[in-house]
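Peer 1: There's a structure below that I have some questions on.
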Amino acid sequence: LAMTSPRLLVFTDMDGTLLDHDDYTWHAAKPALAELAKLNIPVICNTSKTFAEVKQLHKQLGLSSPFIVENGSAIYSADSMEAAQPLHTLGANRQQILQDLQLLRQQGYQFEGFNDWSNAEIIKHTGLSAAEAELSGQRQYSEPLLYSGSTPQKSDFIEALASKNYLALQGGRFLSVQGQCDKGKALLMLKAKYEKLWQTPVITIALGDSQNDCAMLEAADVSIWIKSHKAFPTIQKSQQVFYSNLLGPEGWNET
């Protein structure tokens, strides 16, 4: 392995990173996407979005690489897209998550999530179109929530979830309840697969904008924070960490 030149993999969050936070467009990132395609560097979506959402975005973006859904819960290949069968499942089953959330709600924790909302309410909370909201509601491994209690109660809620072996990750809009998996673990799994496939070392570049991207940026060789309307999250890593000056897809293209 030491004798061959390393190759690059780009892992990217979607909402607020490759996609604009407000209107979900990516056109500002087209030049960089085109350059990566020309250099044959895979762009791997690593997102809180569902399989149904990423499948559609993959076609629109013209991507053919594997992708990671629901905050590291499952990895799909482009080949397995039509069959909708994941290559690897790292997360928990959503139905089980919903059952356990119902028990916590009975204990007085105050929250509501996608399972509680109609399609119209998902549109209201996300700003997605009706068709996009329907795809976003097709969750298999996670439940995005809005917690309405106090900050200390929210901390207690997250601890209660941890005692049931769940992780609660704060994204740009929602607190996502899922199994003990994250975007970083999924990144490392795909990095190892590509090193085996290519028989060469792989350098990973990861781009994200919110708290649920921390594990991915910690695990990456080169970590890029995309500017948002909130302060940049903090990670332990200090080497090879970069920050965009521009927001969303403009910052993606810039960095």
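Peer 1: Among (i) 30, 19, 19; (ii) 33, 20, 16; (iii) 47, 28, 16, only one was calculated for this model; which label is it, if the read-out is semi-axes √(5λ) of the Cα gyration tensor in Å?
Peer 2: (i)
Peer 1: Ordering 134, 53, 121 by how much accessible area each has at a 1.4 Å probe, largest first, what is the list?
Peer 2: Ranked list, largest accessible area first: 134, 121, 53.
Peer 1: Quick check for you: with a 1.4 Å probe and neighbouring chains kept, what is the accessible area per residue of the chain, in Å²?
Peer 2: Per-residue accessible area for the chain comes out at 47 Å².
Peer 1: Now for a separate question. With r defined as the distance between the Cβ atoms of residue 211 and residue 159 and R0 fixed at 25 Å, what FRET efficiency is calculated, to the nearest 0.05?
Peer 2: Plugging the Cβ-Cβ distance into 1/(1 + (r/R0)^6) gives 0.90.
Peer 1: Report the net charge of residues surrounding residue 47, where surrounding means a beta-carbon distance below 11 angstrom and charges are Lys +1, Arg +1, Asp -1, Glu -1.
Peer 2: Local charge sum for residue 47: -3.
Peer 1: I would also like to ask the following. Suppose R0 equals 41 Å; then what is the FRET efficiency for residue 146 and residue 4 from their Cβ-Cβ distance, rounded to the nearest 0.05?
Peer 2: Taking R0 as 41 Å, the efficiency between residue 146 and residue 4 is 0.25.
Peer 1: Under a cut-off of 17 Å between alpha-carbon atoms, report the lysines in cross-link reach of residue 30, not counting same-chain residues fewer than 8 places apart.
Peer 2: 38, 59
Peer 1: Let me ask something else. Considering only protein heavy atoms and a probe of 1.4 Å, how much of the accessible area of the chain is carbon and sulfur, as a whole percent?
Peer 2: Taking all protein chains in place, the chain shows 51 percent carbon and sulfur surface.
Peer 1: Would you list which lysines come within 23 Å of residue 230, measuring only between C-alpha atoms, while excluding same-chain residues fewer than 8 positions from it?
Peer 2: Output for residue 230: 49, 124, 154, 183.
Peer 1: Let me ask another. Identify all aspartates and glutamates with a Cα-Cα distance to residue 164 below 12 Å; exclude those on the same chain that are fewer than 8 residues away in sequence.
Peer 2: 100
Peer 1: Along Cα→Cβ, 7 Å out, is where each label goes; now give me the distance between the ones at residue 95 and residue 229 in nm to one decimal.
Peer 2: Here the answer is 3.8 nm between the modelled labels.
Peer 1: Give, in nm to one decimal, the length gained when the segment between residue 120 and residue 193 is fully stretched (0.36 nm per residue of separation minus the Cα-Cα distance).
Peer 2: So the chain would gain 22.2 nm between residue 120 and residue 193.
Peer 1: Let me ask something else about it. Provide the FRET efficiency to the nearest 0.05 for the residue 246-residue 82 pair, computing r from the beta carbons and using R0 = 35 Å.
Peer 2: Efficiency, from the Cβ-Cβ distance: 0.45.
The values are calculated or read from the model by the stated rules, or taken from the named source; none is laboratory data. Since the structure is predicted, the reported quantities are computational estimates derived from the model, not experimental observations. Virtual Cβ from ideal backbone geometry, glycine too; neighbours counted across all protein chains shown. With ligands, DNA and RNA removed, areas are computed over all heavy atoms of the protein, side chains included. Shrake-Rupley method; radii C 1.70, N 1.55, O 1.52, S 1.80 Å.
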